[in-house]
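Here's the structure, in structure tokens; my notes come after.
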Amino acid sequence: MASALVLLIIVLVVVVLVVVFVVGIYNKLVRLRQNVRESWSAIDTELRRRYDLIPNLVETVKGYASHEKGTLEAVIQARNAAINNTGTPESQAQTENVLTGALRQIFALSEAYPQLRANENFMQLQEQLNQTENQIAQSRRFYNANVREMNTAVETFPSSLIAGNFGFKPEQYFEIDDPAARGPVKVQF
């Protein structure tokens, strides 16, 4: 009888330890998922700021470079596509890459129009946009670091066993896939 009681206590202790272990890993995965969501929210906030600056920039450029209608329309189309894309980070990165390329073309126009480059409003908008781009880059790094942590936890043993059973999946990185987007902008008139 005493050995049965000892065996029962050992089994209960093992079960409690396993439950505590599973709960601990589950809570860690939830915390990591929340960190990924929070860091994505930081990117989204900076992207919204960027979207708000673009119409002002286009209007300023319009006054100086009215015959560059195609470039300005490309920026507006890219902006609208980026705003309306609420898909995965990967698809949003693609639309953001198109928008970044279009914005580079606007800044390249300032080289062809010295009076535009000297415009105080244009300079302020360009500076605000540069600051926003820096914030987006910082937020992207923060997000990707959180994704790396989450993916490591989801894919490594023993947490991978718990992650799979509770529906935790690896997250997508927010990165530039287009090698041309990493290089210099080529503008032809």
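The values are calculated or read from the model by the stated rules, or taken from the named source; none is laboratory data. What you see is a predicted model; the values in this text were computed from it and never measured. SASA here: full protein model, heavy atoms, side chains in, ligands and nucleic acids out. Shrake-Rupley method; radii C 1.70, N 1.55, O 1.52, S 1.80 Å.
Just want to confirm a number: the relative contact order over the chain, from Cα pairs under 8 angstrom separated by 6+ residues, in percent.
Worked out over the chain, it gives 31 percent.
Accessible surface of Phe166 in the full protein assembly, 1.4 angstrom probe, to the nearest 10 Å²?
110 Å²
Order Asp52, Asp44 by their accessible area, 1.4 angstrom probe, all chains in place, largest first.
Putting Asp52, Asp44 in descending order of accessible area: Asp52, Asp44.
With all protein chains present and a 1.4 Å probe, how do Thr100, Thr132 order by accessible area, largest first?
Thr100, Thr132
To the nearest 10 degrees, how steeply does helix 2-64 sit against the main Cα axis of the chain, on a 0 to 90 scale?
Between helix and principal axis, roughly 0 degrees.
With a ≥ b ≥ c the root eigenvalues of the C-alpha gyration tensor of the range 1-72, is it rounded (a/c under 1.5), prolate (a/b larger than b/c) or oblate?
Prolate, since a/c reaches 1.5 and a/b exceeds b/c.
How large, in percent, is the carbon and sulfur part of the accessible surface of the range 35-167 at a probe radius of 1.4 Å?
It is 48 percent, rounded to a whole number.
Using a 1.4 Å probe, what is the accessible area per residue for the range 75-138, in Å²?
Per residue, the range 75-138 has 50 Å² of solvent-accessible surface.
Using only the alpha-carbon atoms, how far is helix 69-84 inclined from the longest principal axis of the chain? Give it as 0 to 90 degrees, nearest 10.
That helix lies at roughly 20 degrees to the long axis.
By the gyration tensor of its Cα atoms, with a ≥ b ≥ c the square roots of the eigenvalues, what is the shape of the chain: rounded for a/c under 1.5, prolate for a/b over b/c, or oblate?
In terms of gyration-tensor shape, prolate.
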